[in-house]
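One structure is given below, encoded as structure tokens.
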Amino acid sequence: MAMATAAVASVRLATTNALPRATQRSRDNEACSALNSAFFKNSIPSSSRSSRKNLKTLNDGSRKGICVRVKASTSDMVKEKALPADGQLISRHEGLDLYEDMILGRAFEDMCAQMYYRGKMFGFVHLYNGQEAVSTGFIKGLKKADYVCSTYRDHVHALSKGVPARQVMSELFGKATGCCRGQGGSMHMFSKEHNVLGGFAFIGEGIPVATGAAFTTKYRREVLKDDSADEVTIAFFGDGTCNNGQFFECLNMAALWKLPIVFVVENNLWAIGMSHYRATSVPEIWKKGPAFGMPGIHVDGMDVLKVREVAKEAIARARRGDGPTLVECETYRFRGHSLADPDELRKPAEKAHYAARDPIAALKNYLLENRLATEKELSAIEETINELIEDAVEFAEASPLPPHSQLLENVFADPKGFGIGPDGRYRCEGPGFTAGTAQV
Amino acid sequence: MESTALLQKVTAGMAFRGTPASLLSSSSASSHVARIKLGSRSVIRVSRLSGLTVKATHLNAYGFGTMPHNSTALKTVNKAVAVKTETGSTATAQQGHELLLFEALREGLEEEMERDPTVCVIGEDVGHYGGSYKVTKGMAEKFGDLRLLDTPIAENSFTGMAIGAAMTGLRPIVEGMNMGFLLLAFNQIANNCGMLHYTSGGQFTIPIVIRGPGGVGKQLGAEHSQRLESYFQSVPGLQMVACSTPYNAKGLMKAAIRSENPVILFEHVLLYNLKERIPDEEYVLCLEEAELVRPGQDITILTYSRMRHHVLQAVKTLVSKGYDPEVIDIRSLKPFDLFAIGNSVKKTHKVLIVEECMRTGGIGASLRAAIMENFFDELDAPIGCLSSQDVPTPYAGPLEDLTVVQPPQIVFAVEQLCKH
């Protein structure tokens, strides 16, 4: 795929009257296809007919859709950008940086699969293969102080944010040197140092937490009068989550209070075995942004340069205090939902279609075609990453398992919460307490 | 320490004899002289024993469950009562100020919000409306809309939002307009509030307070009459306290806000208008301790929240019949103060639990198990437990009265147990 021209075209982000890319994909589900075409051509739901009268001018002065026709929001940030004078969307250094991050994500996840099948890690492990462009494109645009909040598919978000691969691998092995001391596991990657707020097992759970982190930023600015507080929070979640109440409730609150947050939907079309089109009445998730008063953007999530352009705008918008953005990234996971998923429902044709749009291969081609890097340099990066991953595995293998005494640690921030025992002392003060029981 | 002052402290800490709510105003330092004459032998014992020098152990012996150590903890004063230096005679000077329970909560809230600018309140109608039970009345004008955040009706999400804010440096207080509404926030409370400190390996703390009115009110209907303490008690990582008087409401509110743990503070709809005289000075109570309401010899009655007042009503009858029950307001629903409870059991050897929770899986059920496990040899009788009926609270008045424990039932239960 010619990434250069595609990249230029992509910066015109408003998908005004064009059919969103979703419908251009080959799909086997004829019914959904027909439904969508019909919707786009001429259906104006009656609710939005009457609500046309109530179209309000929203915060940033533009009239945003209750969708009358199939119009995405035309927000101010969406306009065609001119390429810089040298015709490059990205510098060599930036390009290599992105490439390295995506290779790290891919190699790490592949190693996870290996380790899982060798019995080094257990439980539910959800791999991110194929979606690297979203993580890299967004998180590489953040500062260290910015917050990232994710779901159970969180290994690569943690890695992109800067959590060392050693710590993530140790956590997966359940070792005491893991980022959560082995207490969280695959689905609960947290890092206070790198501001990764999780890692949540239930979908939708992390969105309010992300909203809260954004609220803290606003509170610090306006109540504590700390002008340096300009952290942006990014909440990552999937298409299945977009039918969950917490999603809508948080869109409402974020827009209401203009919180510095970006809601990133990683729409990989499948929630385990439930196709997005079978679960959702209006499959275009980006349309739900304008319903709450924020721009709704749809972007090709298999193309890291496009994602990066959108991310830059959305993050800048949040940082300057203009409020939240909803970004729907069309992406795909090359593996099953988790390592336990037989992945039988997805058609081979669909998988092949997306395999051809592998974000790493696409970036590689772009870098080579635009002579931003040589084959040798890219191979060297891959080598380095492979060594890093090997080192992470060795480190995790060699790390100790948590001792029994760790069981009761961290249940409470203040262990007085375990209460006063029959002898009149706080139970946590008794010798050998942590090797005992938690009964309260 | 000056002897009169100690005596005032001791007697005030051991509260009044059984009185219904309206007479609680006599609780504090004023009538101590008269009370000693009527009252408990244990007070007299204190005054004789030590020559009134303060030793923590003396207080411990009476099951106060005072903090067993750490006299250097400056801020936390247990059962403190303002003792102004007396100018004239002991009798009449009323110290402290009188207020209603919801005002006491507000006072505690305001003091903490002034003390720490990261403390904020998040909930429905907490700002401009002043709270559905007026706990936050007037505070939005004082502290601003962002510190008293009026939320849309989205309990799960705004509780989650408070958790995210707590993780990133704020100290939010979530108000459930009615505790029952927090059922919608169960996902966030159980998964994130309780467990996130652990699953993050201790990296993030959640210094959040979740509070709201619960319990059976006056014909509010089934859904507004819920007791959630039994549902939340199994969630690891949460602390739960229940307030029952203006004095402990303010003290527990302040302690909960200052705690690094997530704390659920259970208030009761019918107790908001309780009036009491509380100290002018700042005081913070201990979250993990129980409160000795009335010392006694014959039986230990463990209770909390509104049932404390039903128990005290029953105690009036019991005293007139010659019984001497010891009443302990357990206050800390999770964890239980096994020290105070144990000391009492060792003294009386009989226990009656009176609670408003449902019988099945309630606080009483857990408490019975804990007492049986720890103090089996001290018991002369099976542990009695009076709980609410396992019935959705009906609207009709007489039926509603049947679902909760009433004083005559308490009297009867004590009589039965004391036959052992």
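The values are calculated or read from the model by the stated rules, or taken from the named source; none is laboratory data. Note that this is a predicted model, so its numbers are computed, not measured. Cβ: placed from backbone, ideal geometry, glycine included. Neighbour counts: every protein chain shown.
Do we have any residue at all in the range B:210-233 that's within 14 Å of chain A (Cβ to nearest Cβ) and surrounded by fewer than 24 Cβ atoms within 10 Å (Cβ to Cβ)?
Scanning the range B:210-233 turns up at least one residue that is within 14 Å of chain A (Cβ to nearest Cβ) and surrounded by fewer than 24 Cβ atoms within 10 Å (Cβ to Cβ).
Quick check, is residue A:251 over 17 Å from the mean Cα position of the chain (by Cα) and closer than 21 Å to residue A:320 by Cα?
On the way: over 17 Å from the mean Cα position of the chain (by Cα): no; closer than 21 Å to residue A:320 by Cα: yes.
No: the conditions fail for residue A:251.
Tell me whether the range B:121-138 contains one or more residues that are at pLDDT 95 or above and facing another protein chain (nearest Cβ under 9 Å).
yes
Would you say residue B:189 is touching a residue at least 40 places away in the same chain (Cβ under 8 Å) and closer than 17 Å to residue A:201 by Cα?
Working: touching a residue at least 40 places away in the same chain (Cβ under 8 Å): yes; closer than 17 Å to residue A:201 by Cα: yes.
Yes: the conditions hold for residue B:189.
Residues to consider are B:288, B:326; find the one that is within 14 Å of chain A (Cβ to nearest Cβ), at pLDDT 95 or above, surrounded by 24 or more Cβ atoms within 10 Å (Cβ to Cβ) and in contact with a helix residue (DSSP H, G or I) (Cβ under 9 Å, 6 or more places away or on another chain).
B:288
Checking the conditions here, which among B:409, B:389 is more than 22 Å from residue B:223 (Cβ to Cβ), touching a residue at least 12 places away in the same chain (Cβ under 8 Å) and not β-branched (Val, Ile, Thr)? Outline the logic, then answer.
Working: B:389 fails: more than 22 Å from residue B:223 (Cβ to Cβ).
It is B:409.
Could you go through the range A:398-409 and let me know if any residue there is closer than 30 Å to residue B:190 by Cβ, crowded, with 19+ Cβ neighbours inside 10 Å and out of contact with any strand residue (DSSP E or B) (no Cβ under 6 Å at 6 or more places or on another chain).
yes
Take the residues of the range A:392-418 that are touching a helix residue (DSSP H, G or I) at 6+ places or on another chain (Cβ under 6 Å) and of a type in the set (Gly, Ala, Ser): which is farthest from the other protein chains (Cβ to nearest Cβ)?
Among them, the one singled out is A:392.
Within the bounds of the range B:242-250, is there any residue that is surrounded by 24 or more Cβ atoms within 10 Å (Cβ to Cβ) and within 14 Å of another protein chain (Cβ to nearest Cβ)?
Within the range B:242-250, not a single residue is surrounded by 24 or more Cβ atoms within 10 Å (Cβ to Cβ) and within 14 Å of another protein chain (Cβ to nearest Cβ).
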